[in-house]
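All remarks here apply to the structure that follows.
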Amino acid sequence: MRFVTIPEKPNVTVIRSGCGMMGIARVRCATDDVGRFHTPDTEDAFLVSHHLSNFRSDVWVDGELVEKPRNIAGLTSIHDYRRDIACHMHSAFDTLTFHLPRPVLEGLCPDARAGRLEDLAIRPSRPVEDPTIAALASALLPALALPERISLLFLDHICSALALHIVTAYGRLSEAKGGGTLAPWQERRVKEMIAANLDGEIRLADLAAECRLSVGHFVRSFRRTANTTPYQWLLNQRIEHAKALMRDRSQTLADVALACGFADQSHFTRTFSRLVGISPRNWRHSNASADAMPAGARLRAPAGLPLA
């Protein structure tokens, strides 16, 4: 945003992922008629811009005006920083951006078995409808409101998912030759590390290094091995740990939430309800009632009926 020459700089929230040092920024500007600017230097990187609001602008790539619909709210533009990009912003805007250096994308396919990235098959800077990017942006936005409380593994999960989607949906890859799974020792060690860090304060890069793999290779191998992502596996461990703690009636739900690595009780309630199907309060009530029932009572059938 140092190239945007306006008297009042936009409001910018920036965080960096350890996943190949991908940058994430929410850029909001309340000023109309920002003016024209361009990127003075080329860079071997892409900028994924998800437009959170509709705004009026003109964008030129290598001197050619980019076509775009009248309303771009909810659409995504992928800018190729190897090209000469100029822009004239006519109105206020609100955009979530992901800065993706090419090595980050290439890291998702580091060997011949995974295929190699040749380029992205995109129309640079032209807005497109991409439900996956929209969903990832929607998942990240609440966390950006409190960036100091973002779980590192959640952040890496979002960034890795976005980069993998970009490669899968838009990448031109050399022919892939299949793939593998984690060795038993790798799976055991990684799950131990995740379980020991239920707060999510661990990087995908740390897990990959423990397995002696690149981040991209590790993420693919973990998914093939566990049939889920590292972050989803973390969530499942949090939920199982929460169930064990909730059997102790002396602990409040707020205590349980913090002990299991959730930001607060509301975050815990939303996640638990989504994964388990009922709220933590209802789950605790049902299971506490069952635990309190005498063992003989659980096995005693009504008169005249056999035990099932």
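The values are calculated or read from the model by the stated rules, or taken from the named source; none is laboratory data. For clarity, every value in this text was computed on a predicted model and none was experimentally measured. The accessibility values were calculated without ligands, DNA or RNA, using every heavy atom of the protein model including side chains. Shrake-Rupley method; radii C 1.70, N 1.55, O 1.52, S 1.80 Å.
Please say if region 127-206 is rounded, prolate or oblate, where rounded means a/c under 1.5 for a ≥ b ≥ c the square roots of the C-alpha gyration tensor eigenvalues, and otherwise the choice is prolate for a/b larger than b/c and oblate otherwise?
oblate
Using a 1.4 angstrom probe on the protein heavy atoms only, could you order LYS243, LYS68 from most to least accessible area?
Heavy-atom accessible area, descending, gives LYS68, LYS243.
Give me the percent of the accessible area of region 135-251 that comes from carbon and sulfur atoms, probe 1.4 Å, all protein chains in place.
50
When a/c is below 1.5 the answer is rounded, else prolate if a/b is larger than b/c, else oblate, so apply that to region 24-152 with a ≥ b ≥ c taken from the square roots of the Cα gyration tensor eigenvalues.
Oblate, since a/c reaches 1.5 and b/c is not below a/b.
Ignoring ligands and nucleic acids, what accessible area does ASP94 show with a 1.4 Å probe (Å², nearest 10)?
Result for ASP94: roughly 20 Å² accessible.
Considering only protein heavy atoms, what is the solvent-accessible area of ILE85 at a probe of 1.4 Å, reported in Å² to the nearest 10?
For ILE85, the solvent-accessible surface is approximately 20 Å².
Let a ≥ b ≥ c be the square roots of the eigenvalues of the Cα gyration tensor of region 233-286; is it rounded (a/c under 1.5), or, if not, prolate (a/b larger than b/c) or oblate?
rounded
Find the accessible area per residue for region 27-142; the probe is 1.4 Å, ligands and nucleic acids are left out, and the unit is Å².
Computed with neighbouring chains in place, this is 48 Å² per residue.
Convert each backbone phi in region 125-140 into a coupling constant with the Karplus relation 6.51 cos²θ - 1.76 cosθ + 1.60 (shift: θ = phi - 60°), then list the ³J(HN,Hα) values in order as whole Hz, x for Gly and Pro.
6, 8, x, 9, 8, 9, x, 5, 5, 4, 5, 5, 5, 5, 6, 7
Over the heavy atoms of ARG149, what accessible area does a 1.4 Å probe trace out, to the nearest 10 Å²?
Accessible area of ARG149: about 110 Å².
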